[in-house]
Amino acid sequence: MGAPFRFERAAWRNGLTRVAGVDEAGRGPLAGPVVAAAVVLPPWTALKGVDDSKRLEPEEREELYGAITARATAWAVGVINPATIDRINILEATRLAMRAALAALGVKPELLLTDFVELREVECPQRNLVRGDQRSATVAAASIVAKVTRDRMMEEADRTFPEYGFRRHKGYATDEHRWALEKHGPCALHRRTFAGVLELMQGELFPRHGAEI
């Protein structure tokens, strides 16, 4: 069925044509960046199958990514690296990624819809929706763009660090990933303040290695 356009239609009826959905991917993993996307869809658009990216299969996300980016009035992503995540914490890094995506949009939104995260220092009105990626099609579209972008980045990272299996688990704390961490130690993509990485480093079970990028 997909996420509805309820909030968007209310805004469009009130003459707000630039409604930006904003969402992120990658808050929970032990490795890799956090990626946010901002998407503005044309008023009264319809995109069949757009839903919370976590409820879609990879093939569905890829197909919808193409449809969203082709039909959007504007779209952009913001990427925050692991070192910055460690320095300012994951919530602030998420907000920073979202603001970066908005800054790169090229159009000025009249209304923001987010998946609950409040964006400070953003001038236009915003609605921070609980389960926004399931209740707003524009937020769901942003979640798909963010997820596909991040997955592609982690698949690329697998070429540089094949020993961790990033292509398969995208940096999440799977058994395979934990085993690789215990065997090889963290690389430059690992978040050193996250549980599962921090404990191993504090226990000095392995040396730090990998070039910083």
Quiz prompt | Once exposed loop chymotrypsin sites (Phe, Trp or Tyr not before Pro) are cut out (DSSP; at most 15 other Cβ, 10 Å), longest piece of the chain | solution = 117-213
Quiz item: Summing Lys, Arg as +1 and Asp, Glu as -1, what charge do residues with Cβ under 14 Å from the Cβ of L64 carry, L64 excluded?
Solution: -4
Quiz prompt | Degrees between helix 175-184 axis and first principal axis of the chain (Cα, 0 to 90, nearest 10) | solution = 40
Quiz item: Short version: ³J(HN,Hα) in whole Hz for each residue of segment 48-56, in order, from phi by Karplus 6.51 cos²θ - 1.76 cosθ + 1.60 (θ = phi - 60°), x for Gly and Pro, what are they?
Solution: 5, x, 5, 7, 3, 4, 6, 9, 10
Quiz prompt | Rg/Rh (Cα only; Kirkwood hydrodynamic radius) as it applies to the chain | solution = 1.02
Practice problem: Could you run the Debye sum over the Cα atoms of segment 19-82, one equal point scatterer each and no solvent, and tell me log10 of I(q)/I(0) at q = 0.21 Å⁻¹, two decimals? | Solution: -0.96
Practice problem: Give, in nm to one decimal, the length gained when the segment between E60 and R192 is fully stretched (0.36 nm per residue of separation minus the Cα-Cα distance). | Solution: 44.3 nm
Practice problem: For the chain, please report how many Lys pairs fall under 21 Å Cα to Cα, leaving out neighbours fewer than 8 apart on the same chain. | Solution: 5
Exercise. Express the relative contact order of the chain as a whole percentage, based on alpha carbon pairs under 8 Å and six or more residues apart in sequence.
Key: 27
Quiz item: For all pairs of alpha-carbon atoms in segment 114-183, what percent lies in each bin of width 5 Å, listed from the first bin to the last filled one?
Solution: 4, 16, 16, 15, 13, 12, 13, 8, 3, 0
Quiz item: With charges only on Cβ, +1 for K and R and -1 for D and E, what is the dipole size of segment 161-202 about its Cα centre, in debye, rounded to 20?
Solution: 200
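FYI, it's all coordinate maths here, none of it is from the lab. As the structure is a computational prediction, the values presented were derived from the model and not from experiment. Cβ atoms come from the backbone with ideal geometry, glycine included; neighbour counts cover every protein chain shown.
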